[in-house]
1. Scan region 30-45 for residues that are loosely packed, with under 12 Cβ neighbours inside 10 Å and assigned to a helix (DSSP H, G or I) and jot them down.
2. Restricting the search to region 50-97, which residues are within 21 Å of the chain's Cα centre (by Cα) and hydroxyl-bearing (Ser, Thr, Tyr)?
3. Of the conditions (1) surrounded by fewer than 10 Cβ atoms within 10 Å (Cβ to Cβ); (2) modelled with pLDDT of 75 or more; (3) part of a loop (DSSP other than H, G, I, E, B), LEU60 fails just one. Which one is it?
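The values are calculated or read from the model by the stated rules, or taken from the named source; none is laboratory data. All values derive from a computational prediction rather than experimental measurement. Quick reminder, even Gly has a Cβ in these numbers, built from the backbone with ideal geometry, and neighbours come from all protein chains shown.
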Amino acid sequence: MRKGKNSAVVIARLLGTEGFTDHLANEIERYWKTKSGLTNRQLKQLQQLDEKLSEVMKGLSVADRLVVGRFIGLHKKMSFETGLKIGLQAFAQRANKEIEGE
């Protein structure tokens, strides 16, 4: 529990200072990769996928790369927000407190 709580605090501080931006998404991803407990094999798989995607993207036009970039960015943002809501709800249930809806 302590590890998750520390991660939530770090992410909450980042959000409090910056709001959700592309830079923040990259910072959270970097933090996640170092603190998530992924095995070396999983990290290597992520790196290989990044490299393969980079190769695929090189063959696309600028307009196509922009579309793919927007698609990935939107999905990252939605996934992050969903994960954050689930995490906050879990913390609230442990503390027996309600979190206000949007």
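1. Passing the criteria: ARG30, THR34, ASN40, ARG41, LYS44.
2. Of everything in region 50-97, those that are within 21 Å of the chain's Cα centre (by Cα) and hydroxyl-bearing (Ser, Thr, Tyr) turn out to be SER54, SER79, THR82.
3. It is condition (1) that LEU60 fails.
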